[in-house]
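Enquirer: Take this structure, written in structure tokens, and hold onto it; I'll ask about it next.
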Amino acid sequence: MTPFTRLTAIAAPLLRDNIDTDAIIPSREMKSTGKTGLADGLFAAWRYLKAGGRDPDPAFILNQPYYADAHILLGGSNFGCGSSREHAVWALAEYGISAVIAPSFAPIFAGNCTRNGIVPAPVPATAIAEIAADGGPVTVDLPSQTVSLADGRSWPFEIGGEAKAMLLEGLDAIDLTFKHKADIAAFQAADRMARPWVYFGDIIG
Amino acid sequence: MVAIDRIFLHERTGAAALGSLKAAGRAVADPARVFCVMDHIVDTRPGRGDQTLMPGGQAFITETRAAAHEAGLTLFDVTDPDQGIVHVVSPELGIVLPGLTLIAPDSHTCTQGALGALAWGIGSSEAEHAMATGTLRIARPHTMCVRFTGTLSVGVTPKDMILALIARHGAGGGKGHAVEFAGDAVTALDMEARMTLCNMATEFSAMTGMIAPDETTYAWLKGRRYAPQGEDWTRAVAHWRTLPSDAGATYDAEIVIDAADIEPMVGWGTSPEQSVGISGAVPVDAGERALAYMGLQARQPVAGIPIDAAFIGSCTNGRLSDLRRAAALLQGRSIAPGVKALCVPGSSAVKRAAEAEGLDRMFMAAGFEWRESGCSMCFYAGGESFPAGARVVSSTNRNFEGRQGPGIRTHIASPEMVAASAIAGMIADPRELAR
Ligand code: SF4
């Protein structure tokens, strides 16, 4: 995973509440069993004129020349709700989005972001309105946990300590956890005595 | 770090997770506790095999099967008698139990919290993490208690309870909290009804929904295939009795709803929060975009909106009791001309049980199609859908734009309301039929 520290880029406003993962990547666009080849399907139902087609709808924000180079999305509240499909985040990452700024995020979506190098930055809706109105480049700074504009206006955001560390260092969560292998085995041995019905056989890993 | 007791995969994302794990040179630590189902894109027409109407869908099935076999997982395959929607099959077989942690790369995993488990939906990367390490790293969720006091009126269902909650408090109202559903109206529910209630906790943006296990839970679980037996059963029940929240426990947030205030609900818009009681109307301040997509007008009464199609099924309302209640309304009646209606049992076991009591014949006599089990038209993966632009009354959980197919207008409701609306050819109050 590519580490994230700080990014200054144009932010494309998609200021609707409850943007769901079906909208971010329709199920019909998840055409292969892998994690790639998804960028074309990003926001397909809004981005293209016809369902399943590829003719860009000029009205859609990402199709407007000014936002061609957007690497940040501005969203409404409860961003990423709905299906748990990580494809939504894989599609965003492949398209080139590295941060999403919204008043709130659906929990599964936020977790998927931090595992794929995308910063989910929650800031109040009033701040998002100011950022969208400004229209200029936006800076997402992870170490200081702030979102700011060129003129100095700045807003803090919350992100869990672990998610932040993983994003900053581009760490693989599984490797991190394997450092505690002995503790996990000890827990399972004790738990098996306390709750034998939870286990079906020997653990091989 | 939380120990994970049960993991479920399905064919829509199973191959990706198992493939990526293998590519990283990692093994599934405890395959005996990882289960895999074929539910999302399998065909539901009679006589099905691996072929599916979704373009390229067959590869998802065959690759997931191969990967599941290779990893040594328990697979409920397309033609297996235990096949079905993950959140129907897992409780049915007693795989989910009170006090367990259970995860699946599927947002409706919260359904299984109805048994007093901590069950929640995750992404593929987290599924890989849990399979490799037996754990997940999660932040401790905030807690919320949603208390339904009093008694539900006759003809009002758990689907109406959860839609009423989301309509009042918003699709973001659960804010990532672990939500406990409590109160007299909840403890009075049978197990399948509890699953319907917990199913849509994700539509409330909760991390999960759960209900304290009680005698109803234990009686329902006893004897199921993966439930503890003999001595283990006695020990397990003794442990489960220690799980419920203490009387007077405090939560980070609390919501109280008088169950008697709830009437049958129906969605009018493109978010589950856009739902109203059947006596209500599309709100005055309804958003333009939702109105345009749904082809409705502000102030329009919801009862009487003409429909093109009706769908009964899904992990929300595809269980035997759901089918029974819908069939009871359909008995001796026919669906309105021009309405396409189908019933898709939530699992193969539900289908067999329904057929044993003749529900299939009641559905078909009324004009419904009767299918093999699966997610079917709960969501659209590029294969089967309703006629373009159709207006569908659906017992499912999501009414997002395009959820059931491009341009499809979904009105989410209880199976009773779907049946009543199919008969009337328009959105209708099931209580009037029942009278
Ligand atoms: S029935 Fe619908 S909501 Fe449930 S698991 Fe299947 S696709 Fe998801």
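Conditions (1) without any contact (Cβ under 8 Å) to a residue 40 or more places away in the chain; (2) within 14 Å of chain A (Cβ to nearest Cβ); (3) part of a strand (DSSP E or B), marked per residue:
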| site | (1), (2), (3) |
| --- | --- |
| B:E231 | yes, yes, no |
| B:T234 | yes, yes, no |
| B:G248 | yes, no, no |
| B:Y251 | no, no, no |
| B:V256 | no, no, yes |
| B:E263 | no, no, no |
| B:G269 | no, yes, no |
| B:V284 | yes, no, no |
| B:Y293 | no, yes, no |
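Enquirer: Return yes or no: is B:V28 surrounded by 24 or more Cβ atoms within 10 Å (Cβ to Cβ) and within 12 Å of another protein chain (Cβ to nearest Cβ)? Before the answer, list the steps.
Expert: On the way: surrounded by 24 or more Cβ atoms within 10 Å (Cβ to Cβ): yes; within 12 Å of another protein chain (Cβ to nearest Cβ): yes.
Yes.
Enquirer: From the list B:D50, B:D39, B:D77, which residue is at pLDDT 95 or above, of a type outside the set (G, A, S) and surrounded by 23 or more Cβ atoms within 10 Å (Cβ to Cβ)? Spell out how you get there, then give the answer.
Expert: On the way: B:D50 fails: surrounded by 23 or more Cβ atoms within 10 Å (Cβ to Cβ); B:D77 fails: surrounded by 23 or more Cβ atoms within 10 Å (Cβ to Cβ).
Exactly one residue qualifies, and that residue is B:D39.
Enquirer: Kindly indicate whether any position in segment B:252-259 is more than 20 Å from B:H169 (Cβ to Cβ) and either touching a helix residue (DSSP H, G or I) at 6+ places or on another chain (Cβ under 6 Å) or not hydrophobic (A, V, I, L, M, F, W, C) (or both).
Expert: no
Enquirer: Just to check your reading of the model, which residue among A:W46, A:W90 is under 23 Å from B:A381 (Cβ atoms), surrounded by fewer than 21 Cβ atoms within 10 Å (Cβ to Cβ) and out of contact with any Asp or Glu (no Cβ under 6 Å at 6 or more places or on another chain)?
Expert: A:W46
Enquirer: Another question, then. Looking at A:D69, A:D57, can you tell me which residue is in contact (Cβ under 8 Å) with a residue 60 or more places away in the chain and not hydroxyl-bearing (S, T, Y)?
Expert: The unique qualifying residue is A:D69.
Enquirer: If you don't mind, another one. When you scan segment B:1-47, how many residues do you find that are in a loop (DSSP other than H, G, I, E, B), within 16 Å of the ligand (Cβ to nearest atom) and either out of contact with any Cys (no Cβ under 6 Å at 6 or more places or on another chain) or of a type in the set (D, E, K, R) (or both)?
Expert: Final tally of qualifying residues: 9.
Enquirer: Another question, if that's okay. Taking the conditions exactly as written (under 15 Å from the mean Cα position of the chain (by Cα), within 14 Å of chain A (Cβ to nearest Cβ) and of a type outside the set (A, V, I, L, M, F, W, C)), does B:S395 satisfy them or not? If you could, list the steps in order and put the result at the bottom.
Expert: Numbers: under 15 Å from the mean Cα position of the chain (by Cα): yes; within 14 Å of chain A (Cβ to nearest Cβ): no; of a type outside the set (A, V, I, L, M, F, W, C): yes.
Answer is no for this residue.
Enquirer: Checking B:T62 against (1) crowded, with 24+ Cβ neighbours inside 10 Å; (2) within 11 Å of chain A (Cβ to nearest Cβ); (3) assigned to a helix (DSSP H, G or I): exactly one of these is not met. Which one?
Expert: It is condition (1) that B:T62 fails.
Yes/no per residue for (1) over 11 Å from the mean Cα position of the chain (by Cα); (2) within 16 Å of the ligand (Cβ to nearest atom); (3) polar (S, T, N, Q):
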{"residue": "A:G37", "(1), (2), (3)": "yes, no, no"}
{"residue": "A:L42", "(1), (2), (3)": "yes, no, no"}
{"residue": "A:P56", "(1), (2), (3)": "yes, no, no"}
{"residue": "A:C81", "(1), (2), (3)": "yes, yes, no"}
{"residue": "A:W90", "(1), (2), (3)": "no, no, no"}
{"residue": "A:G135", "(1), (2), (3)": "yes, no, no"}
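Enquirer: Please note which helices (runs of 4 or more DSSP H) are completely contained in segment A:114-205 and include at least 3 residues that are in contact with a Ser or Thr (Cβ under 7 Å, 6 or more places away or on another chain) and more than 8 Å from chain B (Cβ to nearest Cβ).
Expert: It comes to A:161-169.
Enquirer: Considering only segment B:85-108, state which residues are of a type in the set (A, V, I, L, M, F, W, C) and within 12 Å of the ligand (Cβ to nearest atom).
Expert: Matches in segment B:85-108: B:I85, B:V86, B:V88, B:V89, B:A104.
Enquirer: Being in contact (Cβ under 8 Å) with a residue 60 or more places away in the chain and closer than 13 Å to B:A132 by Cα is true for just one of B:D30, B:D43, B:D39. Which residue is that?
Expert: Result: B:D30 is the single residue among B:D30, B:D43, B:D39 that is in contact (Cβ under 8 Å) with a residue 60 or more places away in the chain and closer than 13 Å to B:A132 by Cα.
Enquirer: Any residue at all in segment B:53-74 that is in contact with a Phe, Trp or Tyr (Cβ under 7 Å, 6 or more places away or on another chain) and at pLDDT 95 or above? Working first, answer last.
Expert: Step one: filter segment B:53-74 for residues in contact with a Phe, Trp or Tyr (Cβ under 7 Å, 6 or more places away or on another chain), giving B:73-74.
Adding the requirement that they be at pLDDT 95 or above leaves B:73-74.
Yes.
The values are calculated or read from the model by the stated rules, or taken from the named source; none is laboratory data. Only a predicted model underlies this, so the values are computations on that prediction, with no experimental measurement involved. No Cβ is skipped: glycine too gets one built from the backbone with ideal geometry, and neighbour counts run over all protein chains shown.
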